[in-house]
Structures are given as C-alpha cells and as structure tokens.
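Student: Below is the structure I would like to discuss, written out as structure tokens.
The values are calculated or read from the model by the stated rules, or taken from the named source; none is laboratory data. Everything quoted here is computed from the prediction, not taken from an experiment. Here the Cβ positions follow ideal geometry from the backbone for every residue, glycine too, while neighbour counts run over all protein chains shown.
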Amino acid sequence: MEPQLLHSVTDSVATVVIHHPAKRNAMTAAMWRALPPLLGTLAADPAVRALVLTGEGGTFCAGADISTLQGSPKEAQELAVAAEEALAAFPKPTLAAIRGHCVGGGSQLAAACDLRFAEEGSLFGVTPAKLGIVYPASSTRRLVSLVGPATAKYLLFSGELVDSERALRTGLVDEVLPEGELGKRVAEFTRILVSRSQLTQAAAKEFANGRTDRDEHWAGLARASGDTAEGVAAFLERRQPRFTWTTSD
C-alpha cells in the first residue's frame with residue numbers, strides 16, 4: 001500500500017491513521033498536503049464529534065520522509081506547518097494516540113492535538129537541531145505552551161529523545177498506558193468526549209487557544225441552542241443529556 005492517510009468514522013469518532021510503515025510512518029510531501037483537506041472534510045461532517053490521530057502499527061510518526069520533500073527546506077517546512085495548523089484549528093476535540101516513536105514532524109502533529117495519550121515505551125523528540133533547521137515560531141510557541149520554556153529549550157537545543165515517563169512528567173503527554181491498553185483507553189475516553197456538549201468543548205478550545213474576547217458570543221449560542229437548558233434538565237432528572245448543537249450550526 002502506498003504511503004497515505006487512512007481515515008474512518010465510528011460512533012462519532014473520526015480516526016486518521018498515518019500509514020507509511022516502511023519508514024516508521026514518516027510523512028511524505030503528499031501526506032502533508034493531504035491532511036488539511038481531509039481535516040476540513042471531517043470537520044464539516046456533523047456525524048464527527050471527536051478525532052483521533054494515530055500511526056500504523058507500533059510507531060506514531062518518525063517525522064518527515066526527507067526523500068519526498070523536493071525543493072527548498074523552507075517549502076518542506078511550510079507543508080508541515082500548514083498541516084499542523086489545520087490540525088490545531090480542527091473545531092472538535094482531537095487526541096493523539098501514540099505508540100513508539102513520535103519524532104520531528106510527528107511531534108509537531110501530536111502537539112497540535114488537544115490531548116496526547118501514549119503507550120509505555122514511547123519515545124519523543126523535537127529534532128531540528130540535528131539537521132540545522134530553524135523550528136517554526138508557531139510550533140515553538142505551541143511546544144512552550146505544553147511543556148514550558150525550560151523543557152522546550154531542552155528538547156529543541158539537544159534534539160534528544162525522552163521517554164514516556166518524562167513526557168508525562170513535563171506535560172508533553174496527558175496519560176501513559178501500559179502496553180496493550182492504549183486502544184481501550186482511547187476508545188473509553190472518546191466515548192466520554194462525544195457524550196459531552198460540543199458547544200462547551202468548542203468554546204473551551206477557542207478560549208484555551210488564546211481567544212478570550214467572545215464570552216458573550218458563546219453565552220448567546222448556549223442560550224439559543226438549548227444545550228444549557230437540556231444539560232440542567234438532564235442533571236435534575238438524573239439522565240444522560242441529549243445535546244444537539246454542532247460546530248456546523
């Protein structure tokens with residue numbers, strides 16, 4: 001099978017699989033280009049309420065497949081940044097499910113997700129210093145927001161790999177699961193995500209990403225959508241709420 005991004009939708013969760021096992025799921029130029037339009041299609045699908053990004057087999061993503069990146073390093077970097085920004089802008093919750101290596105461009109994609117769950121034994125690295133590449137400012141800011149300036153500098157200055165324990169301790173990942181348990185935990189957690197208010201999630205994502213001037217906008221949507229009334233009624237009636245607002249409304 002050619003290197004590609006595979007996707008499926010099950011129980012309101014879209015799963016995107018980085019599929020290039022011959023090169024530890026390194027991203028080709030075509031794969032970088034394919035990610036933004038794929039995310040646009042999934043974002044517009046009202047059946048999708050959350051997204052999981054993962055890699056084929058035992059590796060998340062070993063970075064960029066340099067052999068396919070023709071042209072200047074700047075052009076190659078622009079492809080990666082465009083894909084990263086499209087993932088960060090996805091309007092619904094995103095979760096990276098990580099096994100094995102999550103390095104270079106793979107770490108960019110994982111950092112662009114809202115949450116990161118990893119299997120024990122996974123390895124993480126931000127490696128531009130090994131290639132003499134200037135890491136993009138937007139990617140650097142995103143990394144700093146996750147792990148703080150000291151750890152970001154450690155990763156960027158050294159290019160060294162860190163294990164899942166250190167990744168958890170520094171905030172690079174949110175949960176670490178024993179071998180064989182990652183898929184089960186991701187399925188369990190995404191079931192929780194899709195049961196919650198998409199309106200609450202969308203507003204929280206916008207605020208957490210730095211836009212904090214739209215309180216009234218979101219409060220008005222909450223009132224008009226009926227989700228707040230439904231949530232309160234469900235709580236009082238001791239039942240599961242049936243939220244109806246979607247990002248396409």
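Student: Of the residues Ser122, Ser107, which is under 28 Å from Glu206 (Cα atoms), hydroxyl-bearing (Ser, Thr, Tyr) and touching a residue at least 12 places away in the same chain (Cβ under 8 Å)?
Tutor: None of the other options fit; the residue is Ser107.
Student: Tell me the residue from Val147, Val173 that is closer than 22 Å to Thr190 by Cβ, of a type in the set (Val, Ile, Thr) and either assigned to a strand (DSSP E or B) or under 17 Å from the mean Cα position of the chain (by Cα) (or both), please.
Tutor: Going through Val147, Val173 in turn, the sole match is Val173.
Student: Quick one: how many residues across region 89-107 are over 19 Å from Pro37 (Cα atoms), in contact with a helix residue (DSSP H, G or I) (Cβ under 7 Å, 6 or more places away or on another chain) and part of a strand (DSSP E or B)?
Tutor: Result for region 89-107: 3.
Student: Residues in region 220-235: is at least one touching a residue at least 60 places away in the same chain (Cβ under 8 Å) and either closer than 27 Å to Ala111 by Cβ or assigned to a loop (DSSP other than H, G, I, E, B) (or both)?
Tutor: no
Student: On to the next question. All but one of (1) over 16 Å from the mean Cα position of the chain (by Cα); (2) surrounded by fewer than 19 Cβ atoms within 10 Å (Cβ to Cβ) hold for Ser122; which doesn't?
Tutor: Among (1) over 16 Å from the mean Cα position of the chain (by Cα); (2) surrounded by fewer than 19 Cβ atoms within 10 Å (Cβ to Cβ), Ser122 violates only (2).
Student: Taking the residues in region 176-186 that are in contact (Cβ under 8 Å) with a residue 60 or more places away in the chain and assigned to a helix (DSSP H, G or I) as candidates, determine which candidate is nearest to the chain's Cα centre (by Cα).
Tutor: Once the filter is applied, the top-ranked residue is Val186.
Student: Out of the residues in region 188-246 that are hydroxyl-bearing (Ser, Thr, Tyr) and either in contact with a Cys (Cβ under 8 Å, 6 or more places away or on another chain) or within 14 Å of Pro91 (Cβ to Cβ) (or both), state the one that is surrounded by the most Cβ atoms within 10 Å (Cβ to Cβ).
Tutor: This residue is Ser197.
Student: Determine whether Thr127 is touching a residue at least 24 places away in the same chain (Cβ under 8 Å), polar (S, T, N, Q) and closer than 17 Å to Thr190 by Cβ.
Tutor: When the stated conditions are applied, Thr127 does not pass them.
Student: In the same structural domain as Gly132 (by TED's automatic domain parsing), at pLDDT 95 or above, of a type outside the set (S, T, N, Q) and in contact with a helix residue (DSSP H, G or I) (Cβ under 8 Å, 6 or more places away or on another chain): does that describe Ala34?
Tutor: Here the answer is no, as Ala34 does not meet what is asked.
Student: Same structure, new question: Has region 206-223 got any residue that is within 25 Å of Thr15 (Cα to Cα), in contact with an Asp or Glu (Cβ under 9 Å, 6 or more places away or on another chain) and of a type in the set (Lys, Arg)?
Tutor: The answer is no, given that none of the residues of region 206-223 is within 25 Å of Thr15 (Cα to Cα), in contact with an Asp or Glu (Cβ under 9 Å, 6 or more places away or on another chain) and of a type in the set (Lys, Arg).
Student: Just name the residue that is farthest from Thr41 (Cα to Cα) out of those in region 54-88 that are assigned to a loop (DSSP other than H, G, I, E, B), at pLDDT 90 or above and of a type outside the set (Gly, Ala, Ser).
Tutor: If we take residues in region 54-88 being assigned to a loop (DSSP other than H, G, I, E, B), at pLDDT 90 or above and of a type outside the set (Gly, Ala, Ser), then Thr59 is farthest from Thr41 (Cα to Cα).
Here's the yes/no breakdown for (1) assigned to a strand (DSSP E or B); (2) touching an Asp or Glu at 6+ places or on another chain (Cβ under 8 Å):
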site	(1), (2)
Leu5	yes, no
Val9	yes, yes
Ala34	no, no
Leu39	no, no
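Student: So which residues in region 108-126 are outside any strand (DSSP E or B), among the charged types (D, E, K, R) and closer than 16 Å to Glu165 by Cα?
Tutor: Correct list: Glu120 only.
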